[in-house]
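What follows is one structure encoded as structure tokens, with my remarks underneath.
The values are calculated or read from the model by the stated rules, or taken from the named source; none is laboratory data. The structure displayed is predicted, hence computed values, not measured ones. Using ideal geometry, Cβ is built from the backbone for each residue, glycine included, and neighbour counts are taken over all protein chains shown. In case anyone asks, the SASA skips ligands and DNA or RNA and just uses the protein heavy atoms, side chains included. Shrake-Rupley method; radii C 1.70, N 1.55, O 1.52, S 1.80 Å.
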Amino acid sequence: MIDAQMKGKLTSFFEPLWPDKTPKEPIISKTRTMLIDAGTGLGIALIERTPLLKLPYVFATELGHLQTSINMMESPQHDSEFHLTQYISDMMYDGKQAPEFEDIASGRGIPVVYQYYYNQITGKKIPLNEINAEEIASHAKNGDRIAYKTMLTHHQFLMRAAKAVVTSLSCENVLLALDNQVKNDWFVQREKDRLADEFFNFIRPDWMKKIHVYTQRKLQNFTLRGTVWLANTRLNKK
């Protein structure tokens with residue numbers, strides 16, 4: 001939720017990820033906006049605006065726990081994605097269940113993906129407790145190819161999760177938000193064309209033309225501000 005002090009200021013924190021496809025504002029749509037936070041887990045919340053309510057309403061969700069999908073056999077990404085998701089499934093679900101998006105598109109997912117790629121390329125398996133997500137991002141920025149491949153996979157699955165939830169809930173806007181989005185902005189900007197290929201690749205392409213994606217580029221904890229604002233609003237009603 002965005003508190004009253006932040007009204008009209010969101011453009012200083014969020015920018016269109018693909019300016020040629022997205023207007024600069026309104027960042028919070030007049031209908032439904034999805035906020036996605038790839039932090040320790042994959043947090044997803046729905047902001048609903050309707051004439052039936054005086055104020056926007058925020059729905060907490062567990063959509064980060066949706067099971068992943070992978071590209072089909074005719075896609076050049078199929079084999080890589082299949083083996084990665086099978087590796088994660090073997091590790092976490094005895095090979096019986098598809099991983100959830102949070103298993104890849106989150107801070108805790110990055111070390112698992114890195115472990116897989118490092119093992120595939122070098123034949124060595126690093127214990128997960130020796131792999132740090134923040135260090136992987138730093139190594140990627142400095143040119144480490146395994147770390148970079150890890151970050152690309154992480155962000156591609158983040159886009160895939162966003163695509164799944166915003167189409168199913170008929171959202172107009174998507175906010176990619178909070179600290180990690182800002183810290184990894186260098187990567188998002190560098191790879192935004194490939195991320196666009198992932199996000200807009202959908203069985204109903206016309207639907208995607210109506211969806212606008214914004215990325216946070218300046219630090220601000222909107223989750224905390226929203227919690228305080230909502231608590232104050234509820235208390236003032238009593």
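Under 5 Å between amide hydrogens, which residues at least 5 positions from VAL213 or on another chain qualify, with H placed 1.01 Å from N in the peptide plane?
Under 5 Å from the amide H of VAL213: LEU17, TRP18, VAL174.
Please find, in a Gaussian network model of the chain (springs between Cα atoms separated by less than 10 Å), the residue of LEU84, LEU52, LEU152 whose mean-square fluctuation is greatest.
In this elastic network of the chain, the residue with the biggest mean-square fluctuation among LEU84, LEU52, LEU152 is LEU52.
Projected area of the stretch 116-184, taken from the Cα convex hull and averaged over every viewing direction, in nm²?
Across all orientations, the stretch 116-184 yields a mean hull projection of 5.8 nm².
I need the Kirkwood Rh of the stretch 84-158: take the reciprocal of the average 1/r across all distinct C-alpha pairs and report it in angstrom.
This gives a value of 12.3 Å.
Would you please give the residues with an amide H less than 5 Å from that of THR40, counting only those at least 5 places away or on a separate chain, with H modeled from the backbone geometry?
GLY107
With every protein chain left in place and a probe of 1.4 Å, what is the accessible surface of THR31, to the nearest 10 Å²?
50 Å²
So what does ASP79 come to for accessible area, using a 1.4 Å probe and Å² rounded to 10?
Roll a 1.4 Å probe over it and ASP79 shows about 100 Å².
Subtracting the Cα-Cα distance from 0.36 nm times the residue separation, let me have the gained length for ALA98 to ASP206 in nm, one decimal.
Roughly 36.0 nm would be gained on extension.
Treating the angle as unsigned and between 0 and 90°, give the value, to the nearest 10°, between the Cα long axis of helix 145-168 and the longest Cα principal axis of the chain.
Tilt relative to the chain: about 40 degrees.
Hey, which lysines would be in cross-link range of LYS218, C-alpha to C-alpha under 23 Å, not counting anything within fewer than 8 residues on its own chain?
Straight-line reach from LYS218, under 23 Å: LYS7, LYS9, LYS21, LYS24, LYS141, LYS183, LYS192.
Remind me, relative contact order of the chain in percent, using alpha carbon pairs under 8 angstrom and six or more residues apart?
Value for the chain: 27 percent.
Would you calculate the convex hull of the Cα atoms in the chain and tell me its volume per residue in Å³?
Taking only Cα atoms, the chain has a hull volume of 145 Å³ per residue.
What is the antiparallel percent of DSSP beta bridges lying wholly in the chain, to the nearest 5?
65 percent
For the stretch 155-223, divide the Cα radius of gyration by the Kirkwood radius and give the resulting Rg/Rh value with two decimals.
0.97
Does anyone have the angle between helix 78-93 and the longest principal axis of the chain? Alpha-carbon axes, 0 to 90°, nearest 10?
Compared with the principal axis, the helix lies near 80 degrees.
Which values of log₁₀ I(q)/I(0), to two decimal places, follow from the Debye formula for the stretch 23-140 at q = 0.11, 0.16, 0.20 Å⁻¹ with a uniform point scatterer at every Cα?
-0.51, -0.88, -1.12
Using the Karplus curve 6.51 cos²θ - 1.76 cosθ + 1.60 with θ = phi - 60°, what ³J(HN,Hα) values do you get for each residue of the stretch 186-195, in whole Hz, with x for Gly and Pro?
4, 6, 4, 5, 5, 10, 5, 5, 5, 5
I'd like the accessible area for TRP207, computed on protein heavy atoms only with a 1.4 Å probe and all protein chains in place. Round to 10 Å², please.
Surface accessible to solvent at TRP207 totals approximately 120 Å².
Placing +1 on the Cβ of each Lys and Arg and -1 on the Cβ of each Asp and Glu in the chain, which of ILE88, PHE157, TYR114 has its Cα farthest towards the positive end of the resulting dipole?
PHE157
How high is the relative contact order of the stretch 1-88, in percent, counting Cα pairs under 8 Å that sit 6 or more residues apart?
17 percent
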